[in-house]
């Protein structure tokens, strides 16, 4: 249920409504928009009369939500969510933020070489895996804490935010001193225990869509994080598994405008994983911006032929720079700008 307060509602009136909702057995999540406060009441109770709330002072209107996702739905924050970072980067709104870097951190030389190149080209965040979930147990699994330290050092040197994947609850505390954004991979989209714990952390989370997940399932996974009090969630389309085998996955660009209609959360696109082919990354990145993506996640490696993971889908730094130049022309055509 959503309770929209009047623009002139006082703090005392808002608190009375919150107390009333809690007495009814709901947990209440409050968001304050540009014009009014919105109260989202979450709970299993169905036997209530919205008129009992509509008569309270300061209430503009009350309506039930039929969708199973309450906090991630557009009605909770109609104006959209904008996540602002200390270095001035904003995710959401009219900016398109590009996050780039290697699939995994392999060495200091590799990471700093790539970080310098992507920063010069205009990326605002450095991505890199410290803990790598791999399909084969014999593949490179990442450098762990050493990689996190290198990411933080490179991020600070080149004024880049740091995003890296968290795989299990025990890693959250280890990663907090080093990263600005937690990434939850496709394999963990429905790791609900992990999502609950991330809901307790005041740090943005980029949540990737599972390889066979519906959009509703993605929004429900976001709901687990938001129900814990962390509303800074970025949803990410990274390709789903279909019958097509030419590409690694099928990048569902339709998901970008659909999620924007259903949810207030920023939407990211990962054309690197979405295609798995270097020469397809740039076209899908351009299409994603045209479709309304708020974030692009691009894999870049200075020597991808020797990369320890995902070299085939990693751009050379020069290719990335050329892509950024192209995106700066496309973004204004759809009312956006490259951050």
*Matching residues in the stretch 96-121 - criterion: being in contact (Cβ under 8 Å) with a residue 60 or more places away in the chain, farther than 11 Å from residue 158 by Cα and touching a strand residue (DSSP E or B) at 6+ places or on another chain (Cβ under 7 Å)*: 96, 97, 98, 99, 100, 101, 102, 103, 104
*asked:* Being buried (at least 21 other Cβ atoms within 10 Å of the Cβ), under 21 Å from the mean Cα position of the chain (by Cα) and not assigned by TED's automatic domain parsing to the domain that holds residue 206 is the requirement here; does residue 104 meet it?
replied: no
*asked:* Out of everything in the stretch 312-326 that is touching a residue at least 40 places away in the same chain (Cβ under 8 Å) and surrounded by fewer than 22 Cβ atoms within 10 Å (Cβ to Cβ), what residue ends up being nearest to residue 266 (Cα to Cα)?
replied: 324
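Looking at this structure, is residue 12 at pLDDT below 90, out of contact with any strand residue (DSSP E or B) (no Cβ under 8 Å at 6 or more places or on another chain) and loosely packed, with under 15 Cβ neighbours inside 10 Å? Working first, answer last.
Working: at pLDDT below 90: no; out of contact with any strand residue (DSSP E or B) (no Cβ under 8 Å at 6 or more places or on another chain): yes; loosely packed, with under 15 Cβ neighbours inside 10 Å: yes.
The answer is no for residue 12.
Which residue, of 93, 58, is buried (at least 17 other Cβ atoms within 10 Å of the Cβ) and either in contact with a strand residue (DSSP E or B) (Cβ under 7 Å, 6 or more places away or on another chain) or not assigned by TED's automatic domain parsing to the domain that holds residue 268 (or both)? Spell out how you get there, then give the answer.
Values: 93 fails: either in contact with a strand residue (DSSP E or B) (Cβ under 7 Å, 6 or more places away or on another chain) or not assigned by TED's automatic domain parsing to the domain that holds residue 268 (or both).
Step by step, each of 93, 58 is checked, and only 58 is buried (at least 17 other Cβ atoms within 10 Å of the Cβ) and either in contact with a strand residue (DSSP E or B) (Cβ under 7 Å, 6 or more places away or on another chain) or not assigned by TED's automatic domain parsing to the domain that holds residue 268 (or both).
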*Only one of these conditions is not met by residue 33: (1) within 25 Å of residue 259 (Cβ to Cβ); (2) out of contact with any strand residue (DSSP E or B) (no Cβ under 7 Å at 6 or more places or on another chain); (3) in the same structural domain as residue 214 (by TED's automatic domain parsing). Which number is it?*
(3)
*asked:* Looking at the stretch 228-237 only, could you name the residues that are buried (at least 19 other Cβ atoms within 10 Å of the Cβ) and either over 22 Å from residue 294 (Cα atoms) or in the same structural domain as residue 43 (by TED's automatic domain parsing) (or both)?
replied: none
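Listed residues 82, 42; which is out of contact with any helix residue (DSSP H, G or I) (no Cβ under 6 Å at 6 or more places or on another chain) and over 21 Å from residue 181 (Cβ atoms)?
42
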*Could you tell me whether residue 112 is in contact with a helix residue (DSSP H, G or I) (Cβ under 6 Å, 6 or more places away or on another chain) and either under 23 Å from residue 175 (Cα atoms) or outside the structural domain of residue 182 (by TED's automatic domain parsing) (or both)?*
yes
*Mind checking whether some residue in the stretch 165-175 is within 15 Å of the chain's Cα centre (by Cα) and under 30 Å from residue 68 (Cβ atoms)?*
yes
*Kindly indicate whether any position in the stretch 189-198 is under 16 Å from the mean Cα position of the chain (by Cα), in the same structural domain as residue 149 (by TED's automatic domain parsing), within 20 Å of residue 92 (Cα to Cα) and modelled with pLDDT of 95 or more.*
no
*Going by the conditions given, is residue 202 at pLDDT below 95, under 28 Å from residue 175 (Cα atoms) and within 18 Å of the chain's Cα centre (by Cα)?*
yes
_Filter the stretch 15-34 down to the residues that are crowded, with 16+ Cβ neighbours inside 10 Å and in contact with a helix residue (DSSP H, G or I) (Cβ under 8 Å, 6 or more places away or on another chain) and list them by number._
17, 20, 21, 28, 29, 31
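The values are calculated or read from the model by the stated rules, or taken from the named source; none is laboratory data. Here the structure is a predicted model, which means the values were calculated and not measured. For neighbour counting, all protein chains shown are included, and Cβ atoms are generated from backbone atoms with ideal geometry for every residue, glycine included.
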